[in-house]
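Undergrad: Take a look at this one; I'll ask things after.
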Amino acid sequence: MSATSKKMGRTSVPELRARKGKDPIVCLTAYTAPMAQRLDEHCDLLLVGDSLGMVVYGMESTLAVTVDMMVNHGKAVMRGSKNACIVVDLPFGSYQESKEQAFRTASHILAETGCAAVKLEGGAELAETIEFLTMRGVPVMAHIGLMPQQVNTMGGFKSQGRDEETARKTLADAKAVAKAGAFSVVVEGTVEPVARQITEAIDIPTIGIGASVACDGQVLVTEDILGLFSDFTPKFVKRYANLGDAVSEAVGQYADEVRTRQFPTDEHCFGLAKKGKLRAV
Ligand SMILES: Nc1nc(=O)c2c([nH]1)NC[C@@H]1CN(c3ccc(C(=O)N[C@@H](CCC(=O)O)C(=O)O)cc3)CN21
Ligand SMILES: CC(C)C(=O)C(=O)O
Ligand SMILES: [Mg+2]
């Protein structure tokens, strides 16, 4: 969008849907208000991902993330942003039991946070759920390929589409979620030929993470691109900054200055009240 025709209001679900085959959709994860405020200047879509369990809470997987956590971080991201479309992940165990359970969780998250849509992990096996939600006013972004909530059935975070079987399954999943009414689909950890084939085969935008440039958009975990999440450096992450090192350096300086009483100086202290200008205490 040009600087002279700045659009007001948030990017909507239909607007994202209409970006299929057009300019790439820019997406990053967001978990907090201050970060959302920065990302909002540049992103079409902010995803409140359940990856926050690992990135913010230090968990080993996303499985222990709760609906309350997603609601609280969803609210924070909504408060911090004003332009981007906000999508919130449904956490593990909050939607797989039945389409009714999925609707209950999704409508609660939409109502509490004001976000535009939810995302859920699953392909053909969740097509009925996706249709149920979509028909009832809950826009759904699907998530196929490497599904982190399947870590225990897959025996790890394993890339998909390298062999005939997973390639076929991932393509079938993409077709199933598109047919069921998903407005977009995250394709994670999927090799280029399969991601390309999927993007060509379905009429909704594909948003890739470790799924090549063939997708209609890209998403990454913000802390990964900023170099803030130091114990995760997989192949698909590109580091655009080294904020982790910047934090260490700044905090090290502060610690030195406190220990040597260089901080605080008068500049950082409240002065005495001036005559006739008594501060309230
Ligand atoms: N910080 C962070 N960034 C992420 O992208 C992310 C999370 N956390 N947590 C939730 C999921 C988990 N994700 C992951 C985690 C690990 C691999 C990984 O280790 N992949 C290996 C092997 C893949 C293979 O070839 O099978 C790799 O080398 O990329 C991939 C995606 C992506 N998501
Ligand atoms: C990385 C994206 C796609 C995600 O699902 C998450 O952050 O939880
Ligand atoms: Mg997720």
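Undergrad: Full-extension gain between Gln101 and Lys175, please, as 0.36 nm times their residue separation minus the C-alpha to C-alpha distance.
TA: Here the answer is 24.3 nm.
Undergrad: Using θ = phi - 60° and the Karplus curve 6.51 cos²θ - 1.76 cosθ + 1.60, what whole-Hz ³J(HN,Hα) does each residue of region 29-39 get, with Gly and Pro shown as x?
TA: Taking θ as phi minus 60°, the curve returns 7, 9, 10, 10, 5, x, 5, 4, 4, 6, 5 Hz for region 29-39.
Undergrad: Amide H to amide H under 5 Å from Ile25: which residues, 5+ apart in sequence or cross-chain, H placed 1.01 Å off N in plane?
TA: When sequence neighbours closer than 5 places are left aside, the close amide H contacts are Gly217, Gln218.
Undergrad: Something else now. Return the single residue from Lys238, Lys82, Lys99 with maximal mean-square fluctuation; model: Gaussian network over the chain, springs between Cα atoms under 10 Å.
TA: With Cα springs under 10 Å in the chain, the top fluctuation among Lys238, Lys82, Lys99 is at Lys238.
Undergrad: Additional query: Among 216-222, 251-257, 125-131, how do they line up from the highest to the lowest mean number of other beta-carbon atoms within 10 Å?
TA: Order by mean packing, descending: 216-222, 125-131, 251-257.
Undergrad: Still on this structure, I have one more. Using the Cα centre of region 135-221 as the reference point, and only Cβ charges (+1 on K/R, -1 on D/E), how large is the resulting charge dipole? Debye, rounded to the nearest 20.
TA: Roughly 220 debye for region 135-221.
Undergrad: Another question, if that's okay. What does the accessible area per residue of region 111-165 come to in Å², with a 1.4 Å probe and no ligands, DNA or RNA counted?
TA: Result: 46 Å² of accessible area for each residue.
Undergrad: Quick one: putting +1 on the C-beta of Lys and Arg, -1 on the C-beta of Asp and Glu, what dipole do you get for the chain around its Cα centre, in Debye to the nearest 20?
TA: 1160
Undergrad: Starting from the Cα-Cα distance between Cys269 and Glu41, subtract it from 0.36 nm times their residue separation and give me the gain in nm to one decimal.
TA: The Cys269-Glu41 span can extend by a further 78.6 nm.
Undergrad: For the chain, what is the mean residue ellipticity at 222 nm derived from helices alone (per DSSP H run of n ≥ 4: -39500 (n - 2.57); sum divided by total residues; nearest 500 deg cm²/dmol)?
TA: Counting only the DSSP helices, I get -11000 deg cm²/dmol.
Undergrad: While we're on this one: Glu60 versus Val251, label points 7 Å from Cα toward the beta carbon: distance in nm?
TA: Distance between label points: 2.4 nm.
The values are calculated or read from the model by the stated rules, or taken from the named source; none is laboratory data. Because the structure is predicted, anything quoted here is derived from the model rather than measured. All Cβ positions, glycine included, derive from the backbone under ideal geometry; neighbour counts span all protein chains shown. Areas reflect the complete protein model, heavy atoms only, side chains present, ligands, DNA and RNA absent. Shrake-Rupley method; radii C 1.70, N 1.55, O 1.52, S 1.80 Å.
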